[in-house]
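Chemist: The structure that follows is given in the form of structure tokens.
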Amino acid sequence: MLCSPSRLTVVPLVVLVGVGLTGCSSGSSKPTSVGAPTATPPAAPATEATASARATGTTGASLKIASFAYDPTPLTVAPGTSIPVKNSDSAEHTVTSDTAGLFLADDIAHGKTVTFTAPTRPGKYTFHCEYHPNMHGTLIVT
């Protein structure tokens, strides 16, 4: 007896569905994978990486001066971090701690970069430009 074309299509389809349902009912909660396992490790949380960078002082923090303003402000760094300051303005600027003698990046000419060291004690430190009284910023040491 010959099978009709519709029977030839239905029978393999029923078998495939049955096999698929059997795989779903195995009771295992682990996903099955096909092919070679991947070697990509899970990404570390951003907060962990940030905390690690702060602990080692390698935050890559920098301060920019443009349009008579500090960027970013506030700037958060680890204690004792070296902070480069780049001046993009045509005028000369400073980064002068409001607490006398705490830190200073002095006479930063146009296009130049001067580096200063953040305080070693955690805290919030304000600073200003000696030449332009409207320029203020904040350094947060954590």
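Throughout, read-outs are computed from the coordinates displayed, never taken from laboratory work. Being a predicted model, the structure only gives us computed values, none of them experimental. Neighbour counts run over all protein chains shown; Cβ positions are idealised from the backbone, glycine included.
Chemist: Quick one: what are the phi-derived ³J(HN,Hα) couplings along region 73-79, Karplus 6.51/-1.76/1.60 with θ = phi - 60°, whole Hz, x for glycine and proline?
Modeler: With coefficients 6.51, -1.76 and 1.60, one gets 9, x, 10, 9, 9, 7, x Hz.
Chemist: Still on this structure, I have one more. Scan around Y70 for amide H atoms under 5 Å from its own, H built in the peptide plane at 1.01 Å from N, and keep only partners 5 or more places away or cross-chain.
Modeler: Close amide H contacts, sequence-distant or interchain: H136.
Chemist: Counting other C-beta atoms within 10 Å, which of K86, K124 has the fewest, and how do the rest follow?
Modeler: K124, K86
Chemist: Output ³J(HN,Hα) for region 102-114: one whole-Hz value per residue in order, computed from phi by the Karplus curve 6.51 cos²θ - 1.76 cosθ + 1.60 with θ = phi - 60°, and x for Gly and Pro.
Modeler: Each residue's phi maps through the Karplus curve to give 6, 7, 7, 10, 9, 6, 8, 6, 3, x, 9, 10, 10 Hz.
Chemist: Pop out the ³J(HN,Hα) list for region 129-141 in order, Karplus 6.51 cos²θ - 1.76 cosθ + 1.60 with θ = phi - 60°, rounded to Hz; leave Gly and Pro as x.
Modeler: 9, 5, 8, 10, x, 7, 8, 9, x, 9, 10, 10, 9
Chemist: Can you give the three extents of the C-alpha atoms in region 67-141 along their principal axes, from longest to shortest, in whole Å?
Modeler: 33, 21, 21
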